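What follows is calculated from the coordinates using simple rules that are stated; it is not laboratory data. Keep in mind the model is a prediction, meaning the values are calculated, not measured. We place every Cβ from the backbone using ideal geometry, glycine too, and count neighbours over all the protein chains shown.
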C-alpha cells in the first residue's frame, strides 16, 4: 500500500464525515455517502487511495459484527411470531423479485450463473432505509411496524441462507463434498455453541455482569471465536458470527451487548461500504449503466406493487399495504454483500457486480426521496409528514 494506514484512515473517516454531513442535509442514507466517497478517492477515481485490499480485509470484520448483532436480535419466540404472519408474503415476493432480476440480467446478456446472483440480490429490501425512515411510534406500537419488521426479518433469514449457499461452493457446479461437510458442520456448531453459552458463557456473564469492560470483551471474543471455529470447519466466519448471536439472544444481557457493539460495528461498516465504492470500477459503469437504470426502475416499480397487492390479499388495508410497499421498494444493503461474496468467490464478473451495486445505489436514493416526500417519516421536508 502506497499510503500509510494512518493516512488511509484519515482520508476515509474525515472524508466520510464531510460526505455524511452532506447526505444528512440532502436526506440521503449514510451508506450512500460512504460508497460515493470510495468511488471518488479510490483507485478508479482520484486515486488518493490506490490499494483497497487491506481495507477490505479490515472491513470484513464489520460484516461479521453485523451478522452477530442480527443474531442477537433474533429472539426465537418473537421471531416465530412475526415470521408466521410475514412468511407467505415474503416467499411469494422474493420469488417475484428473483425472477425479475434474472429476466433483466438475461435480456442484457449476462450468463446463467450471473443472472441467478442478480436475481438473488434483488430479493431483499433495505433494513436501514425501511427502519430509519419509519416513525418510532409506528415501529414500536403499531401493526405496520410489526409487519415491516416481520418482512425484513424474513428477508434477512433468506439472505443468511443464500450466503450459506454462496459460501458452500460454486453455483452451477456445487462441490457436493463441501456442501455435505457444511450440512454436517452447521448443526454441530450450533449445538456446541448453544451448550457453551448455556453452561459457561451465561455463568461468566452473571458472575461479572457489573464489569462492563469484561462483558464487552467477552462478547467480542465470543463472536470472533465462533466465527473462527466456523471457518475452521468449512463454513464461513459470517455464518459463525450469526450462530454466536442467536445462541446468546436469550440472555437478559443480549440487548446491552447489542447496544455496546453497535459503534464498533458502525466503525467497520463505514470501511466496508467505502471499500465497496472504491472497488466499483467506474470504467465499467458505461457498459452497464443502461442495464443498471432498467434494473433499478424495475425494482422501484415491481417491489411496491408486489408488496401492496400481496398484503392487500392478506386482508390488510389498502392504505397500509401501499405504505409498506413503498417503504420497502428498494434493493438491500444485503444485495451489496451478496455481490461482494459472489465476486470474491469468482461466481460473477466485475460487470455483473457493478450492475448490482449501481442499481442498489440508484434505488437507495430514489426510494429515500419517495418516502421522504410522500410518507410520514422522521426527516420529512414537509412539516405535516414529519413524525418522530
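Things worth noting here:
- In terms of other Cβ atoms within 10 Å, 164, 299, 347 run from fewest to most in the order 164, 347, 299.
- All-pairs alpha carbon distance profile, the range 191-323, 10 Å steps from 0, percent: 10, 24, 19, 25, 19, 3
- Ranking of 260, 275, 315 by neighbouring Cβ atoms within 10 Å, starting from the fewest: 315, 260, 275.
- In this rough spin-label picture, where each label sits 7 Å from Cα along the Cβ direction, the residue 208-residue 366 distance is 5.2 nm.
- On the basis of the beta-carbon distance and an R0 of 35 Å, residue 373 and residue 88 show a calculated FRET efficiency of 0.65.
- Comparing mean-square fluctuations of 303, 132, 317 from a GNM of the chain with C-alpha springs under 10 Å, the top value falls on 317.
- The chain, helix-only ellipticity at 222 nm - DSSP H runs n ≥ 4, -39,500 (n - 2.57), divided by all residues, nearest 500: -26000 deg cm²/dmol
- The length gained on full extension between residue 128 and residue 5, counted as 0.36 nm times the residue separation minus their Cα-Cα distance, comes to 41.4 nm.
- Sorting the Cα pairs of the chain by distance into bins of 10 Å, from 0 upward, gives 5, 22, 32, 29, 11, 1, 0 percent per bin.
- Among 210, 265, the ranking by other beta carbons within 10 Å of each residue's beta carbon, starting with the fewest, stands as 210, 265.
- The chain: most fluctuating residue of 274, 334, 110 per GNM, C-alpha cutoff 10 Å: 110
- Highest mobility in the GNM of the chain, judged by mean-square fluctuation with C-alpha springs under 10 Å and restricted to 310, 163, 217, is found for 217.
- Of interest is the spacing of the C-alpha centroids, which for the range 111-133 and the range 239-284 amounts to 18 Å.
- Sequence-separation-based contact order of the chain, relative, with Cα cut under 8 Å and 6+ spacing, percent: 29 percent
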